[in-house]
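The values are calculated or read from the model by the stated rules, or taken from the named source; none is laboratory data. Here the structure is a predicted model, which means the values were calculated and not measured. In this analysis, Cβ positions are derived from the backbone assuming ideal geometry, glycine residues included, and neighbour counts consider all displayed protein chains.
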Amino acid sequence: MARETHSFRTTESEEAFLMEETERTNTNISTVIRQLIRNAMEEEEREDQIERFKAELGKLEKISLLIAKNAIYEKHIVLANYGELVKDNQRQIEKMKNKAKKLTKEEMEAI
């Protein structure tokens with residue numbers, strides 16, 4: 001891997017920052033600059049991941065809304081069907097209710 005030497009001009013505050021970091025980390029200026037570059041690259045990767053997560057969350061939100069709409073639609077269909085059944089079979093409905101009450105009572109007594 002070929003390495004190139006780069007140089008650049010710094011302001012006084014940038015130079016002071018580099019010197020402070022060099023002393024704080026007990027390394028040389030090249031190491032400090034490499035670490036700053038690595039940090040910037042990692043931050044860029046994190047931003048990319050955040051954008052991907054946001055896109056996935058958007059898809060999940062759309063799916064959730066569709067599921068909720070579907071559930072509401074199904075609820076209305078069931079209620080409409082129940083209404084028709086009640087009209088057609090009032091006696092059957094009463095028998096079913098009584099059986100359910102009896103079974104519930106038996107279960108509660110068993111407990």
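Quick notes on this one:
- Lone qualifier among 44, 56 - being without any contact (Cβ under 8 Å) to a residue 40 or more places away in the chain, closer than 30 Å to residue 5 by Cβ, acidic (Asp, Glu) and out of contact with any Ser or Thr (no Cβ under 6 Å at 6 or more places or on another chain): 44
- Each residue in the stretch 59-105 was checked for being within 40 Å of the chain's Cα centre (by Cα) and of a type outside the set (D, E, K, R), and 19 pass.
- Of all residues making up the stretch 95-111, the number that are among the small types (Gly, Ala, Ser) and surrounded by 10 or more Cβ atoms within 10 Å (Cβ to Cβ): 1
- When we screen 4, 12, 20 for residues that are at pLDDT 90 or above, loosely packed, with under 12 Cβ neighbours inside 10 Å and over 42 Å from the mean Cα position of the chain (by Cα), the only hit is 12.
- Being assigned to a loop (DSSP other than H, G, I, E, B) and surrounded by 10 or more Cβ atoms within 10 Å (Cβ to Cβ) is a property that residue 31 lacks.
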